[in-house]
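Here the structure is laid out as structure tokens; the discussion comes afterwards.
Here, each number is a calculation from the coordinates, and none is a lab measurement. In this text the structure is predicted, and so the values were computed from the model without any measurement. Heads up, the Cβs are rebuilt from the backbone with ideal geometry, glycines too, and the neighbour counts pull from every protein chain shown.
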Amino acid sequence: MALYSDTVMDHFLHPRNVGSLSDADAVGEVGNAKCGDIMKMYLKIEEGVITDVRFETFGCGSAIASSSMATEMIKGKTVDEALAVTNKEVVGALGGLPAHKLHCSVLAEEAIRSAIRDYYERNGIPYDKSKFPEAEEGSCCRMV
Amino acid sequence: MDRIYADNAATTRMSRRAIDAMLPYLDTVYANPSSLHSAGQEAAEALLRAREEVAACIGASPREIVFTSGGSEADNQALLSAAALGERKGKRHIVSTAIEHHAVLHTLKKLEKQGFSVTLLPPEENGMIRPEAVERAIREDTCLVSVMYANNEIGTVEPIREIGAVCRARGVLFHSDAVQAAGHLPVNVKEDGIDLLALSAHKFHGPKGVGALYAKSGVPLVPLIEGGAQERGKRAGTENVPAIVGMAAALREACEKREEVSARLLPLRDRLIEGLSAIPHAALSGDRTARLPSNVHFCFEGIEGESLLLLLDQKGICASSGSACTSGSLDPSHVLLAIGRPHEVAHGSLRLSIGEDFNEEQADYVIRAVRETVEYLRGISPVWRDCLAGKKPFIL
């Protein structure tokens, strides 16, 4: 049995939307290099719609694949729709992740939320802070 | 290009000689060596010869060799036996190192729960354990010193003979996990002053699932498996005759060819080290010269090891990493942390362990592939971007 599903390998070997956006409207970064995973997400947002997205990831194969899949899932979506994306949906779209890699999908969900919070902050849009819990130091190290 | 297998520290391809030696014992000579009939005695003789061969390869007597299921079992039995002996004498302190294999570290943890106290010596930056440090750690109640012959991750070869001399002078039993060394380095238990030693067949082109424990004459072993009187009561269960015969053939061949293989591997190893050292912000782990002839280990800043391994695999290169992500744990290698690598760079590790069929062309291909892959992964890494932008200091 292979370590990863074909979809995970495809997104790992051919990551979609990889890179950065110098004119991003929002940038989010989550994770911790100590834990071996950092994801950074750049969004271009026009009238509440995510028109472009890029990511940079320091991490294992499933972290890169989760980031890639997450960018695909939010591209063209409204900010509200993007906020509704869960780690379980990322895992589902990837055709599953090994149990000890599920935290990578959590990180992908958190990267989206982190970028959107940055968008709210930059534009003075009020938002429910309780829905954006501050990531605890080293929270990426928890096993899901 | 054909697949390049550079993971010989994980396991090796079986040698033709070992396979050929085993075949009759899988086929025609199948009787139980404990049986009194002639067919059984034929198997018993094969076992006897295998024991003589293994003993001869490490400078031991045949009676000092117990066959086990592998290196881990041999390490477990060595430590638990030495601890039981110490217990009887009221000595409940063990000296070992922070870079041992888990077969040793986890057994020591178990002994700690039973009331033993364990001193784990930190290595120097190059992975070296100084004999003076061992000497200082030995106490009145020390019953055992356990130091690996060579490290499985970073390849550092320990000053075993000097440590053995310290132990002998202090009257303390000395165990060495020689799983990475047997068949690759000139291991001699008598000259090295070793009382207990573990080896594993599949690390020197023998079969998997078989190993041996050397216990110096007079050092009593406690059986881990109770049952019949096989292995003179030290390890119950019908002997795995084909595997044991294969191990003996493989070890003998490895010892015969050792100098020649070493001489072939050294320049290739050094070519890899030189080539990979040219990658910026990369660092060789382990000692530059006191090093297994097969081992190359690097940490690369700004990338994570598992993705490096998977991409190298796509390029036909089988390598390994001390990376957490490959093992299911999220902590980086205890060995890399022990030699002082910060977590951030310990995640970006690569181990290449080459075999005797490795060649210059492959070395150059591997160097190019690693360089390209590291560059690619750095290109998509936010950590690397921050280092380049001066937001984060380079560690390496």
Legend entry - region B:343-396: trypsin sites (Lys or Arg not before Pro) in DSSP coil with no more than 16 other Cβ atoms inside 10 Å: B:LYS391
Legend entry - Inter-chain Cβ neighbour average for residues B:374-384, partner chain, 10 Å: 5
Inset, instruction - Using the structure shown, list the pairs from B:LYS203/B:LYS315; B:LYS257/B:LYS315; A:LYS101/B:LYS113; A:LYS40/A:LYS131 with a Cα-Cα distance above 28 Å, or answer none. - result: B:LYS257/B:LYS315; A:LYS101/B:LYS113
Inset, instruction - Based on a Kirkwood Rh over C-alpha pairs, give the Stokes-Einstein translational diffusion coefficient of region A:6-122 at 20 °C and viscosity 1.002 mPa s in µm²/s. - result: 158
Inset, instruction - State to the nearest 20 debye the size of the charge dipole of the protein assembly as shown about its Cα centre, where the only charges are +1 on K and R beta carbons and -1 on D and E beta carbons. - result: 1280
Inset, instruction - Only loop residues by DSSP count here, and only those with at most 16 other Cβ atoms within 10 Å; note down the GluC sites (Glu not before Pro) in region B:74-153 that meet that. - result: B:GLU124, B:GLU125, B:GLU140
Legend entry - Dipole moment magnitude, nearest 20 debye, region A:6-122 about Cα centre, only Lys, Arg, Asp, Glu C-beta charged: 300
Inset, instruction - Find the eigenvalues of the gyration tensor of the Cα atoms of the protein assembly as shown, then list the square roots of 5 times those eigenvalues as equivalent ellipsoid semi-axes, largest first, in whole angstrom. - result: 49, 25, 22
Inset, instruction - Run the numbers on region A:6-122 and let me know its relative contact order in percent, using alpha-carbon pairs under 8 Å that are six or more apart. - result: 31
Inset, instruction - Quick one: which residues, 5+ away or cross-chain, put their amide H under 5 Å from the amide H of B:THR119? H built at 1.01 Å from N. - result: B:ILE94, B:VAL95, B:SER96
Legend entry - region B:79-117: trypsin sites (Lys or Arg not before Pro) in DSSP coil with no more than 13 other Cβ atoms inside 10 Å: B:LYS89
Inset, instruction - Using the charge dipole of region B:1-48 (Lys, Arg: +1 at Cβ; Asp, Glu: -1 at Cβ; taken about the Cα centre), state which of B:PRO33, B:LEU47, B:ALA21 has its Cα farthest towards the positive end. - result: B:ALA21
Inset, instruction - Kindly express, to the nearest 10 degrees and within the range 0 to 90, the angle between helix B:16-26's C-alpha long axis and the longest C-alpha principal axis of chain B. - result: 40
Inset, instruction - Please give every one of the aspartates and glutamates within straight-line cross-link reach of A:LYS88, meaning a C-alpha to C-alpha distance under 13 Å, and leave out same-chain neighbours fewer than 8 residues apart. - result: A:GLU109, A:GLU110
Legend entry - Karplus 3J(HN,Hα) series, Hz, for region A:48-60 with 6.51 cos²θ - 1.76 cosθ + 1.60 (x for Gly, Pro): x, 10, 7, 8, 8, 8, 9, 9, 10, 9, 9, x, 7
Legend entry - Sequence-distant residues sharing a close amide H with B:GLY348 (under 5 Å, placed H): B:PHE300, B:GLY305
Inset, instruction - Please build a GNM for chain B, connecting alpha carbons under 10 Å apart, and tell me which residue among B:VAL383, B:VAL261, B:VAL245 fluctuates the most. - result: B:VAL383
Inset, instruction - Please arrange A:LEU43, A:LEU107, B:LEU276 by counting, for each residue, the other beta carbons lying within 10 Å of its beta carbon, fewest first. - result: B:LEU276, A:LEU43, A:LEU107
Inset, instruction - With runs of 4+ DSSP H residues as the only contributors, calculate the mean residue ellipticity of chain B at 222 nm using -39,500 (n - 2.57) per run, divided by the residue total and rounded to the nearest 500. - result: -13500 deg cm²/dmol
Legend entry - Rounded to the nearest 20 debye, dipole of region B:16-254 from Cβ charges on Lys, Arg, Asp, Glu: 480
Legend entry - Descending principal axes extents, region B:16-254, alpha-carbon based, whole Å: 55, 36, 27
Legend entry - Residues whose placed amide H lies under 5 Å from that of A:ASP37, excluding near-sequence neighbours: A:ASN32
Legend entry - Partners for B:LYS190 among lysines (Cα-Cα distance below 20 Å; same-chain residues under 8 apart left out): B:LYS216
Legend entry - Tail weight of P(r) past 15 Å, computed on alpha-carbon pairs of region B:69-159, percent: 57
